[in-house]
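Got a structure for you, written out below as structure tokens; questions coming shortly.
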Amino acid sequence: MAPYPLPMASPLLPLVMAPVAFAAVLAFIVRPRSVRIPIKGRHVFISGGSSGIGLALARLAATEGARVSILARSAARLQEARDAIRLATGVDVAIFSADVRDADAVANAMEEAGPVDVLVCNHGVFTPQELEKQDLEEVRFMVEINLMGIFHLIKAALPAMKQRAKATGLPASIAIMSSQAGQVGVYGYTAYSASKFALRGLAEALQHEVIAHNIHVSMIFPPDTDTPGFAEEHKRRPDLTNIIAGSSGGMKADDVAKKALNGIKSSRFIVPCNFEGSMLSIATAGLSPQSSFFTALAEVLGAGFMRFMGLCFQWNWFSLIEKWHSKKKNM
Ligand SMILES: NC(=O)C1=CN([C@@H]2O[C@H](COP(=O)(O)OP(=O)(O)OC[C@H]3O[C@@H](n4cnc5c(N)ncnc54)[C@H](OP(=O)(O)O)[C@@H]3O)[C@@H](O)[C@H]2O)C=CC1
Ligand SMILES: CCCCCCCCCCCCCCCC(=O)[C@@H](N)CO
């Protein structure tokens, strides 16, 4: 006789085992495989590193022992950024003055900077306005900087990045700064949202192309963030853009930089920055690569519910738009 009674097979057992088995399946299939991307001692190149989120990222990477290069147009602002980072960290960053719209200038800067391990395509411009009122020049300005500028950077950095990743045996990263307005279209952002949505197609396709070279692509999706660029934007942003963007809580540049760097280090393809961003990322997971089986599980189990939540948000936004118009008519 056994000293203890054998446990009865609980009827709940399959209920518990099913999700565990499913999680195991996801852990087996998620691609690309998650890796750790080291920052210390590596060359981190940040476009738009002279201001806001890019500057916060440059400071953070310098603190963590990276060799940092930053690129932007204004040489004066680059100098200021270098001084500020030296004061805060004791580290000197390399500065490169170039307009990302100029492919040759970007290639020259990249050549001078030397092979990159972590390329952060962060620069961006945003001048919100209803499409009907916005000059085509301004639309072109946003598309050329936010989209074409990213192509120029990646094309310039990729050959040496591949060689370097091979020589060092360490995984490399290409990170792209999108926006929550690159996950959902927002009133006043026709040009901006278009430029940011486009980056997702770029990033998904690029990840297929560079994975064999041990290069991991990350996309970062911040909400409204307190930066010099945002202060300028806020002066002219349409009321409805303010109201809808307010659905997601604002952040400080340093906190976005932390989320971004953590996402890059753990080779996540989609990097949300706040709680609303995590929901938005599950709701818009689409066919993006996913290296975390845990997030994959949340995406699969949350899909239906998050679609419902998304519809509720749209219901709210369309009601606000309707109210805003009827208020204007009565004024
Ligand atoms: N702040 C926010 O609310 C949010 C921002 N984002 C995104 O984060 C990124 C950074 O934004 P943020 O920190 O607010 O922006 P800032 O305006 O504060 O800084 C932008 C940086 O990009 C550089 N830059 C702009 N145009 C060019 C160009 N043509 N060539 C080279 N460099 C250029 C600027 O330098 P210079 O002008 O001297 O060239 C500056 O260093 C952007 O991609 C933005 O779309 C996403 C979500 C929210
Ligand atoms: C399923 C549930 C989803 C819930 C959350 C939805 C919230 C969406 C809000 C969109 C905010 C867009 C901010 C853009 C900021 C930006 O890029 C500009 N400041 C320019 O830099």
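P(r) for segment 32-93, please, calculated from all Cα pair distances in 5 Å bins and given in %.
Bins of 5 Å from zero give 4, 21, 30, 22, 11, 6, 3, 2, 0 percent of pairs.
Just to be sure I understand the model, the point goes 7 Å from the Cα along the line to the Cβ. What's the resulting K323 to F151 distance in nm?
Using points 7 Å along Cα→Cβ, the separation is 4.2 nm.
Rounded to the nearest 500 deg cm²/dmol, what is the calculated helix-only ellipticity per residue at 222 nm for the chain, with -39500 (n - 2.57) per DSSP H run of length n ≥ 4?
Calculated at 222 nm, the ellipticity per residue is -18000 deg cm²/dmol.
Here's a follow-up. Would you rank W324, W315 by solvent-accessible area, highest first, keeping every protein chain in place and using a 1.4 Å probe?
Largest accessible area first, the residues go W315, W324.
Another question about this same structure. Between F151, F275, F221, find the one with the highest GNM mean-square fluctuation for the chain; connect C-alpha pairs within less than 10 Å.
F275
If R0 is 35 Å, what FRET efficiency do you get for E111 and A303 from their C-beta distance, rounded to 0.05?
That pair, E111 with A303, gives E of 0.20.
Against the globular-protein guess of 2.2 N^0.38 Å, express the Cα radius of gyration of segment 190-317 as a ratio, rounded to two decimals.
1.12
Then there is this: Counting heavy atoms of the protein chains only and a 1.4 Å probe, report the per residue accessible area for segment 80-144 as a whole number of Å².
53 Å²
Same structure again: Let me spell out the model: positive unit charges on the Cβ of Lys and Arg, negative unit charges on the Cβ of Asp and Glu, origin at the Cα centre of the chain. What dipole size does that give, in debye rounded to 20?
So the magnitude is around 660 debye.
Right, next: Computing the accessible area with a 1.4 Å probe over protein heavy atoms, can you report the carbon and sulfur percentage for segment 112-230?
Accessible surface attributable to carbon and sulfur in segment 112-230 totals 58 percent.
Still on this structure: log₁₀ I(q)/I(0) of segment 1-129 at q = 0.09, 0.10, 0.11, 0.13 Å⁻¹, via Debye over equal Cα point scatterers, no solvent, to two decimals?
Debye curve over Cα of segment 1-129, log10 I(q)/I(0) at q = 0.09, 0.10, 0.11, 0.13 Å⁻¹: -0.44, -0.49, -0.53, -0.63.
Just want to confirm a number: the relative contact order over the chain, from Cα pairs under 8 angstrom separated by 6+ residues, in percent.
Dividing the mean separation by the residue count of the chain yields 19 percent.
Can you give me the span-like helices of the chain, meaning DSSP H runs with 27 Å or more of Cα extent along the axis and Kyte-Doolittle mean at or above -1.0?
Helices meeting the span and hydropathy rule in the chain are 149-168, 190-210, 293-330.
Taking the Cα centre of segment 134-290 as origin, sum charge times position over the Cβ atoms of Lys and Arg (+1) and Asp and Glu (-1), and report the length of that vector in debye to the nearest 20.
In total the dipole reaches around 700 debye.
Let me ask another. Set Lys and Arg Cβ to +1 and Asp and Glu Cβ to -1, take the dipole of segment 143-272 about its Cα centre, and tell me which of V186, I270, G249 lies farthest positive.
Among V186, I270, G249, the one farthest towards the positive end of the dipole of segment 143-272 is I270.
State, to one decimal in nm, how far the label point of T63 lies from the label point of Q163, with both points 7 Å from Cα in the Cβ direction.
3.4 nm
Taking only Cα atoms and a 10 Å spring cutoff, compute GNM fluctuations for the chain and point out the largest among V271, V139, V300.
Answer for the Gaussian network model of the chain: V300.
Hey, if you put +1 on the Cβ of every Lys and Arg and -1 on every Asp and Glu Cβ in segment 1-150, which of I46, V139, P14 ends up farthest toward the positive end of that dipole?
Highest projection toward the positive end goes to P14.
Moving on to the next point. Jot down the per residue volume, in cubic angstrom and as a whole number, of the convex hull over the alpha-carbon atoms of the chain.
181 Å³
Among A84, I37, H234, whose Cα sits farthest toward the positive end of the charge dipole of the chain (+1 at Cβ of Lys/Arg, -1 at Cβ of Asp/Glu, about the Cα centre)?
Looking along the dipole axis, the top candidate is I37.
Keeping every protein chain present and rolling a 1.4 Å probe, give me the accessible area per residue for segment 175-331 in Å².
Accessible surface, normalised per residue, equals 48 Å².
The values are calculated or read from the model by the stated rules, or taken from the named source; none is laboratory data. Keep in mind that this is a model prediction, so the values were computed, not measured. Cβ: placed from backbone, ideal geometry, glycine included. Neighbour counts: every protein chain shown. Heavy atoms of the whole protein, side chains included, go into the accessibility calculation; ligands, DNA and RNA do not. Shrake-Rupley method; radii C 1.70, N 1.55, O 1.52, S 1.80 Å.
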